[in-house]
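K.L.:
The structure is given below, and queries will be raised subsequently.
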Ligand code: KG4
Ligand code: ZN
C-alpha cells in the first residue's frame, strides 16, 4: 500500500550554517545549506555575525529547500528545528522562524537536539546508508563535541565518554590556524595529509582514564612545536606542510580511535556509527573500514553530505519524533547546552 505523504521541514541554525531540508517520511527531498564565509577572516565563528547572517539567509534557504523538494509550503506536515546545543543568538533565529511557520500553517513544532540528530542521519532512507540496529555505539566528533554514546533507541542515548576540554574539530581548527590555514581547517588538514607521512613528527596523546578524552595537550604541544621549528627555519611550515598535517591528523584521530576500541571492549558492542563534521575525516573512516574487514565490526559511516551541519539531520530527527507525536509547544526555549 502506498504511504500517505508526510513532509517534514527541517531547520538548522546552531552555529554558522543556515540550513533547510524537506523530507518525505525518512527520505530526503532537498538539503540546502548557506555557509557563512564571513567567519574565515576571523579564524573562528563570531557569534554576533553568525546570528545576523542567519537572519539574512533563513528565508532564501527555506524557499530553495521547498522549491527543490517540488512541494508547496501548505503541504508541510510539521516543522523541526534545532533547540540546542549551540550559539544562543544563532539558535534563536531558526527557533523564532520555526515557531512563526508552525503558528501560520497550524502545524506541529518539533525541537531537536543537534547532537542526537548527527547520529540519527543513519536512519535516513538512502542507497548509501545502511541502518544500524540498537544498541550501537555512536561517536559524535564535531567542532564543539567529542562524545562516545551508548545508543539504546532513537531518543534513548547515554553519553559514556566525553571530552574534558577541547573538541576534536576544535583541535583540528586550532592546529590549522597555527599553520595559516583558513577556518574550518579540518578538511584542509585532511586533504594536505594525504600526501604526507603520518610518522614524520610525533605528538603526545594525553592519558585520560576510561572513555573520556582530552585534546588540549596535543593542541598545545603542536603549537609549541611549530613555533620552535619556525624560529629555527622560517620556511619550516611550507617545506613540510603535508608531513605536518599528516602527523597531527594521525595524532588527533588515534586519540579517538583508541577510545572507540576501549568502548567496544567495555560494552562488547561491535556496532559503531559516527557523526559530526570530523566523521568526514579519511583517517577515521579508514580505521573503521579496516575494523570491519579484520574484526568484523559493523560500521556506519555517513555520506559526506550528512557529516557537517545540515538540516536533513534535523528533518530525520523531527520525523522520528513526529511519528511518536513528540511535539514541542510554542514556548519552548533554545539551549546553549543541552542534555540528551
Ligand atoms: O558538525 P560540524 O559541522 O559542526 C559542529 O557541530 O561543530 O563540525 C565542524 C567541524 C570543524 O571543526 C571542521 O574543521 C571539522 O568538523 N571537519 C573535519 C573534517 N571535515 C570537517 N575535521 C577533520 N577532517 C575532516 N575531513
Ligand atoms: Zn554539528
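Coordinate-derived values only; no laboratory data. Everything quoted here is computed from the prediction, not taken from an experiment. Neighbour counts are summed over all protein chains in view; Cβ atoms, including those assigned to glycine, are modelled from backbone coordinates with ideal geometry.
K.L.:
Specify whether the C-alpha gyration tensor of the stretch 1-114 places it in the rounded, prolate or oblate class, a ≥ b ≥ c being the square roots of the eigenvalues: rounded for a/c under 1.5, otherwise prolate if a/b is larger than b/c and oblate if not.
P.N.:
On the way: a/c = 2.25, a/b = 1.85, b/c = 1.22.
Because a/c hits 1.5 or more and a/b exceeds b/c, the stretch 1-114 counts as prolate.
K.L.:
Only bridges with both residues in the stretch 132-301 count here: give the DSSP antiparallel percent, nearest 5. Spell out each step's value before the answer.
P.N.:
Details: 12 of 20 bridges.
Percent antiparallel among DSSP bridges in the stretch 132-301 is about 60.
K.L.:
Moving to a separate point now. Can you give me the distance in nm between label points at residue 324 and residue 164, each placed 7 Å from the Cα along the Cα-to-Cβ direction?
P.N.:
It works out to 3.3 nm between the two label points.
K.L.:
Please check: in the Gaussian network model of the chain (C-alpha springs, under 10 Å), which one of 235, 212, 24 has the largest mean-square fluctuation.
P.N.:
235
K.L.:
Another question, if that's okay. Taking the Cα centre of each part, how many Å lie between the stretch 1-20 and the stretch 264-340?
P.N.:
After rounding, the separation between the Cα centres reads 16 Å.
K.L.:
Of 338, 313, how do they rank once you tally other Cβ atoms within 10 Å and put the fewest first? Please report the intermediate quantities before stating the final value.
P.N.:
Values: 338 19, 313 34.
The fewest-first ordering by Cβ neighbours comes to 338, 313.
K.L.:
Suppose a student asked you for the relative contact order of the stretch 132-301, using Cα pairs under 8 Å spaced at least 6 residues apart; what percent would you report?
P.N.:
Values: 310 pairs, mean separation 47.3, N = 170.
Result for the stretch 132-301 is 28 percent.
K.L.:
Using Cβ counts within 10 Å as a stand-in for footprinting exposure, how do 134, 172 rank, fewest first?
P.N.:
Working: 134 12, 172 31.
Going from sparsest to densest Cβ surroundings: 134, 172.
K.L.:
Highest GNM mean-square fluctuation, the chain, Cα pairs closer than 10 Å: which of 117, 263, 80?
P.N.:
263
K.L.:
Sort out for me the Cα centre separation of the stretch 199-217 from the stretch 93-123, rounded to whole Å.
P.N.:
Spelled out, the Cα-based centre of one part sits 36 Å from the other.
K.L.:
In a Gaussian network model over the chain where Cα atoms closer than 10 Å are linked, find which of 150, 320, 195 has the largest mean-square fluctuation.
P.N.:
Maximum fluctuation in the GNM of the chain, among the listed residues, is at 195.
K.L.:
Given axes a ≥ b ≥ c from the Cα gyration tensor, I'd like to know whether the chain is rounded (a/c under 1.5), prolate (a/b larger than b/c) or oblate. It would help to have the intermediate numbers written out before the result.
P.N.:
Details: a/c = 2.09, a/b = 1.49, b/c = 1.40.
Judged from the Cα gyration tensor, the chain comes out prolate (a/c at least 1.5, a/b above b/c).
K.L.:
How many Å³ per residue does the convex hull of the Cα positions in the stretch 175-316 occupy? Provide the component values of the computation, followed by the final result.
P.N.:
Values: hull volume 17.6 nm³, N = 142.
Spread over its residues, the Cα hull of the stretch 175-316 gives 124 Å³ apiece.
K.L.:
Determine, for 63, 219, 324, 106, the number of other Cβ atoms within 10 Å of each Cβ, and report the residues in order from fewest to most.
P.N.:
On the way: 63 13, 219 24, 324 9, 106 6.
Listing 63, 219, 324, 106 from fewest to most nearby Cβ atoms yields 106, 324, 63, 219.
K.L.:
How tilted is helix 312-323 with respect to the longest principal axis of the chain? Cα atoms for both, answer in degrees (0 to 90, nearest 10).
P.N.:
40
K.L.:
Rounded if a/c is under 1.5, else prolate if a/b beats b/c, else oblate: with a ≥ b ≥ c from the C-alpha gyration tensor eigenvalues square-rooted, which is the stretch 213-258? Walk me through the intermediate numbers first.
P.N.:
On the way: a/c = 5.00, a/b = 1.76, b/c = 2.84.
Oblate.
K.L.:
Something else about it: Per the helix-only calculation at 222 nm, which mean residue ellipticity applies to the chain, given -39500 (n - 2.57) for every DSSP H run of n ≥ 4 and division by its residues, nearest 500 deg cm²/dmol?
P.N.:
Working: 9 runs with 141 residues, N = 340.
The helix-only estimate for the chain comes to -13500 deg cm²/dmol at 222 nm.
K.L.:
Hey, rough spin-label estimate for residue 191 and residue 56, points 7 angstrom out along Cα→Cβ, what's it come to in nanometres?
P.N.:
Placing both labels 7 Å along Cα→Cβ, they lie 2.4 nm apart.
K.L.:
Now for a different question. Taking the chain as the reference, fit the longest principal axis to its C-alpha atoms, fit the long axis of helix 236-267 to the helix C-alpha atoms, and give the angle between the two in degrees, 0 to 90, nearest 10.
P.N.:
Compared with the principal axis, the helix lies near 60 degrees.
K.L.:
Mean separation of Cα pairs under 8 Å and 6+ residues apart, divided by the residue count of the chain: what relative contact order is that in percent? Don't skip to the answer; put the middle values down first.
P.N.:
Details: 729 pairs, mean separation 81.9, N = 340.
Result for the chain is 24 percent.
K.L.:
What's the angle, to the nearest 10 degrees (0 to 90), between helix 168-178's Cα axis and the longest principal axis of the chain?
P.N.:
Between helix and principal axis, roughly 50 degrees.
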